[in-house]
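Written out below as structure tokens is the structure these notes cover.
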Amino acid sequence: MKKVVKIGSVGLGRLGYEHAKNIATSIPGAQLTAICDIDAQRVKDVAAEFDVAYTYTNFEEMCANPELDAIVIVSPSMFHADQIKIALDAGKHVFCDKPLDTTIAKCKVAEKAVEAHPDRVFMLGFMRRFDESYAEAKRRIAAGEIGKVVLVRSYTQDPRTTIEGTLKFAPHSGGQFLDMCVHDLDLIRWFTGSEVKKVWGLGGVFEFDLYRELNDADNAAATVQCDNGAMGFMFTNRTHGAGCNVETEIIGTKGTLRIANVGSRNLLQIIDGAGARSEYYPDFLSRWHQAYINEIAEFVACIRDGRKPEVTVYDGTAVSRAAYACKESFESGEMLSVSSDD
Ligand SMILES: NC(=O)c1ccc[n+]([C@@H]2O[C@H](COP(=O)([O-])OP(=O)(O)OC[C@H]3O[C@@H](n4cnc5c(N)ncnc54)[C@H](O)[C@@H]3O)[C@@H](O)[C@H]2O)c1
């Protein structure tokens with residue numbers, strides 16, 4: 001077993017900072033050895049905070065550092081496939097946050113790069129699979145406790161309070177379906193054990209005009225059907241009034257599982273002149289804090305133990321295909337079949 005996995009992380013924005021901090025402080029067997037961002041001041045500040053040995057504003061240069069074992073990619077989504085290829089070609093193990101990239105052609109570039117380096121670990125960041133509640137739901141489904149999965153309903157709502165950062169991120173996000181719904185689509189595939197075959201995407205701009213300019217929606221929904229007949233329903237928005245709300249219901253032939261159907265951050269109930277209430281997680285970073293640590297811990301454990309992660313590059317392409325079909329359906333108003341063409 002390799003003693004310490006030395007990691008270089010690219011992208012130090014909203015989530016990139018979180019991953020960098022987690023690697024530096026919370027992942028056993030890992031070291032944050034290098035960081036990279038095009039924003040030189042950001043690199044300097046984060047390096048000082050976590051005492052990082054090597055700093056870069058150029059990704060290729062970071063990948064050429066022979067000390068590094070692995071690269072964590074948290075840059076804007078349209079750079080993912082190219083950076084995956086560069087890092088793998090440089091001999092590094094790669095963790096890339098979702099989505100795999102913003103076009104199917106780019107997802108294929110990532111697939112080819114992963115196939116060309118079978119001895120390297122590649123993992124995609126679908127962190128919900130590493131959240132304790134979602135992982136337990138999966139275990140119970142696999143054990144047959146709710147019978148056959150009939151429907152997965154999943155809501156992903158971002159709070160209004162974080163809208164400033166969200167609007168800055170929107171132009172390079174790939175759109176609501178590719179950016180937000182990928183998580184719900186991955187869950188639908190994971191819980192049903194089947195690929196999405198038909199989608200009907202809906203949505204509208206209810207408040208933030210930028211989404212209209214981007215041919216996108218600030219509130220969107222999609223109904224889907226899988227190869228095995230199971231159904232899914234997703235709703236996503238950027239205008240939630242009470243913090244980050246992610247809730248999922250899995251209805252089976254013998255039972256139902258619900259995760260976070262009130263979005264509470266803990267068991268505290270506040271009872272005062274305004275009534276009785278629980279507090280929400282304020283943002284996605286606090287909701288998924290432990291899942292972000294767990295997924296990188298699994299990536300590092302795979303490298304140290306010489307095994308491959310459950311989440312593959314092909315999951316990334318399959319989810320992107322379904323998300324694209326949702327986007328096209330939203331734009332055309334038609335129910336669409338998910339293409340399986342390359
Ligand atoms: N899994 C999740 O829950 C989750 C949540 C948020 C974001 N993400 C994903 O993480 C990625 C980053 O999202 P974010 O919200 O942190 O974005 P962000 O816009 O906050 O940050 C992006 C960072 O990348 C830097 N950057 C831009 N181009 C670069 C380049 N060519 N090389 C190096 N650095 C570059 C920017 O300067 C910025 O610091 C996206 O792909 C997004 O989909 C995933």
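The values are calculated or read from the model by the stated rules, or taken from the named source; none is laboratory data. Keep in mind it's a predicted model, so treat the numbers as computed, not measured. As a convention, Cβ positions derive from the backbone with ideal geometry for all residues, glycine included, and neighbour counts pool all protein chains shown.
Structure above, values below:
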{"read-out": "Out of Ala323, Ala318, Ala301, sole residue that is more than 26 Å from Arg153 (Cα to Cα), within 20 Å of the chain's Cα centre (by Cα) and modelled with pLDDT of 95 or more", "value": "Ala301"}
{"read-out": "Test: residue in region 159-174 that is touching a residue at least 40 places away in the same chain (Cβ under 8 Å) and under 22 Å from Ile250 (Cα atoms)", "value": "no"}
{"read-out": "Residues (surrounded by 22 or more Cβ atoms within 10 Å (Cβ to Cβ) and charged (D, E, K, R)) located in region 233-256", "value": "Arg238"}
{"read-out": "Members of region 108-132 found to be farther than 30 Å from Ser286 by Cβ and assigned to a helix (DSSP H, G or I), listed by number", "value": "Lys108, Val109, Glu111, Lys112, Ala113, Val114, Glu115"}
{"read-out": "Residues satisfying the stated conditions in region 53-69, i.e. free of Cβ contacts under 8 Å to residues at least 40 places away in the same chain, assigned to a loop (DSSP other than H, G, I, E, B) and touching a helix residue (DSSP H, G or I) at 6+ places or on another chain (Cβ under 7 Å)", "value": "Thr57"}
{"read-out": "Residue within region 188-197 that is among the hydrophobic types (A, V, I, L, M, F, W, C) and more than 30 Å from Arg304 (Cα to Cα) present", "value": "yes"}
{"read-out": "Single residue of region 89-106 satisfying the filter (charged (D, E, K, R) and within 11 Å of the ligand (Cβ to nearest atom)) that is surrounded by the most Cβ atoms within 10 Å (Cβ to Cβ)", "value": "Asp101"}
{"read-out": "Of residues in region 284-320 being more than 13 Å from the ligand (Cβ to nearest atom) and charged (D, E, K, R), the one farthest from Gln31 (Cα to Cα)", "value": "Asp315"}
{"read-out": "Residues of region 58-79 that turn out to be acidic (Asp, Glu) and either more than 15 Å from the ligand (Cβ to nearest atom) or under 15 Å from the mean Cα position of the chain (by Cα) (or both), as a count", "value": "2"}
{"read-out": "Matching residues, region 89-107, being over 19 Å from the mean Cα position of the chain (by Cα), part of a helix (DSSP H, G or I) and of a type in the set (D, E, K, R)", "value": "Asp89"}
{"read-out": "Options Ile86, Ile35, Ile27: the member that is within 12 Å of the ligand (Cβ to nearest atom), modelled with pLDDT of 95 or more and not in a helix (DSSP H, G or I)", "value": "Ile35"}
{"read-out": "Filter pass, Val72 being in a strand (DSSP E or B) and touching a residue at least 40 places away in the same chain (Cβ under 8 Å)", "value": "yes"}
{"read-out": "Filter result for the condition that a residue is assigned by TED's automatic domain parsing to the domain that holds His172 and without any contact (Cβ under 8 Å) to a residue 24 or more places away in the chain, over Ala230, Ala274, Ala217", "value": "Ala274"}
